[in-house]
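Attaching a single structure in structure tokens format; questions to follow.
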Amino acid sequence: MVKPEKFIEDAKNEIKNTLKGRGILACSGGQDSTLLSVIAGTSENILVLFVDTGLLRLNETEQVKEIFTKFKLNYKIVNAKERFLSNLKGVTDPEMKRKIIGKTFIDVFEEEAKTYGAEYLLQGTIAPDWIESGGQSRDVIKSHHNVGGLPENMKLKLIEPLRDLYKDEVREISKYLGLPEVMPFPGPGLSIRIVGEVTEEKLELLRKATYIVEKNIVEKYLNDKPWQYFAVLLPVKTTGVHGDQRVYGNTVAIRCIDTMDGMTGTFSRPDWELLEKISTDITDEIPEVNRVVYDITNKPPATIEWE
Ligand code: XMP
């Protein structure tokens, strides 16, 4: 396990020695890039960029803004919602989605870098990202957006000070810095929790379901929460009944995982009453959903995200 103080000092030195001129720092709002933002984002030659992809959870942009302000970072929030959605139109393949999102992120970063006069891109890539993207000559499991989506001819030079860290180390260092515990949320956002094509309507629905899952889990388990918990929208319609009407509605899966570092994990065992409450809240508050299922698969063989 790394020592937080030493790690932060080394990371700052690495940035100072590598960065010649200006850099932009890609922050997704997740724990990894938020940590990097706080370590590096007070420098006057680094601009922290948060891209609102439209694939985010309810109120996520506001929460990120609060952290940036609290830590006095030099930041900019870019609204790229329409751009991401139009690039994803009609795409159903999960790897394709990740690649498109990675590419769109890079396009936005390159444009912003040009405006800011930056030649460097700082990223919060950590060890599982590149290991699972085939970096250690293993088969590609998933191309994580911050590795797999990088174009070969990218003009920006990369700086990745967190590249040797694992998730538990990121948590430790974040805690040391007084950062709020942010549950891991993938760079491709809700898009990889919508199995199939991403549309604004599906995003709207999944945003509500995600909020219900998070709210119920946080209320029930203050300090003993699962490592990660979320909702997934399945491309499955099933028969149900609303009052005395037959309905044909959507299915939402709930995923709760316990793990040390995200590399392997077991499904959590929340109590039945809580699961029932989540299920009832979802079907009561989202009329388009009439079935809720719980994912009882470990990693491996499943991954944590469904895509
Ligand atoms: P998987 O689904 O690979 O997830 O078992 C392991 C952990 O990584 C997160 N994850 C991602 N994080 N970009 C990210 O920054 C990605 O493309 C990505 N895909 C998965 C996932 O939420 C879990 O915490």
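Could you please put Trp227, Trp130 in sequence from largest to smallest accessible area, using a 1.4 Å probe? Walk me through the intermediate numbers first.
On the way: Trp227 25, Trp130 70 Å².
Order by accessible area, largest first: Trp130, Trp227.
What is the sum of charges, Lys and Arg at +1 and Asp and Glu at -1, for the other residues whose Cβ falls under 11 Å from the Cβ of Leu56? Mind dumping the intermediate values first?
Working: positive: Arg57, Lys81, Arg207; negative: Asp52, Glu60, Glu62.
Overall, the nearby charge balance is 0.
Also, quick follow-up: Considering only DSSP beta bridges whose two residues both sit in region 143-281, what percent are antiparallel, to the nearest 5? Don't skip to the answer; put the middle values down first.
Details: 15 of 16 bridges.
So the antiparallel bridges in region 143-281 amount to around 95 percent.
When the accessible area of region 199-294 is split by element with a 1.4 Å probe, what percent falls to carbon and sulfur?
Using a 1.4 Å probe with all protein chains present, region 199-294 comes out at 52 percent carbon and sulfur.
I've got another one for you. R0 = 25 Å: FRET efficiency of Leu158 with Met183, Cβ-based, nearest 0.05?
After rounding to 0.05, the efficiency reads 0.45.
List the pairs from Lys99/Lys157; Lys6/Lys76; Lys12/Lys202; Lys20/Lys89 whose alpha-carbon separation is above 31 Å, in the order I gave them.
Pairs exceeding 31 Å: Lys12/Lys202; Lys20/Lys89.
Consider a paramagnetic label point 7 Å from the Cα of Arg22 along Cα→Cβ; state which residues of region 78-106 have an amide N under 17 Å from it.
The answer is 78.
With a cap of 14 neighbouring Cβ atoms within 10 Å, and only residues DSSP puts in a loop, list the trypsin sites (Lys or Arg not before Pro) found in region 152-256. Walk me through the numbers on the way to the answer.
Working: sites: Lys155, Lys157, Arg163, Lys167, Arg171, Lys175, Arg193, Lys202, Arg207, Lys208, Lys215, Lys220, Lys237, Arg246, Arg255; in loops: Lys155, Arg163.
The qualifying sites are Lys155.
Go ahead and estimate [θ] at 222 nm for the chain from helices alone: -39,500 (n - 2.57) per DSSP H run with n ≥ 4, summed, over the residue count, rounded to 500.
Calculated from helices alone, the mean residue ellipticity at 222 nm is -12000 deg cm²/dmol.
Which percent of the accessible heavy-atom area of region 28-112 goes to carbon and sulfur, probe 1.4 angstrom?
49
How far apart, in nanometres, would the label points at Leu222 and Asp107 be if each is projected 7 angstrom from Cα along the Cα-to-Cβ direction?
So the two model labels end up 4.8 nm from each other.
With every protein chain present, what is the per residue accessible area of the chain (1.4 Å probe, Å²)? Intermediate values should be presented prior to the final figure.
On the way: 15030 Å² over 307 residues.
I get 49 Å² per residue for the chain.
The values are calculated or read from the model by the stated rules, or taken from the named source; none is laboratory data. From a predicted model like this one, the values you see are computed outputs, not experimental measurements. Positions of Cβ are generated from backbone atoms using ideal geometry, with glycine treated the same way; all protein chains shown enter the neighbour counts. These area figures cover heavy atoms from the full protein model, side chains too; ligands, DNA and RNA do not enter into them. Shrake-Rupley method; radii C 1.70, N 1.55, O 1.52, S 1.80 Å.
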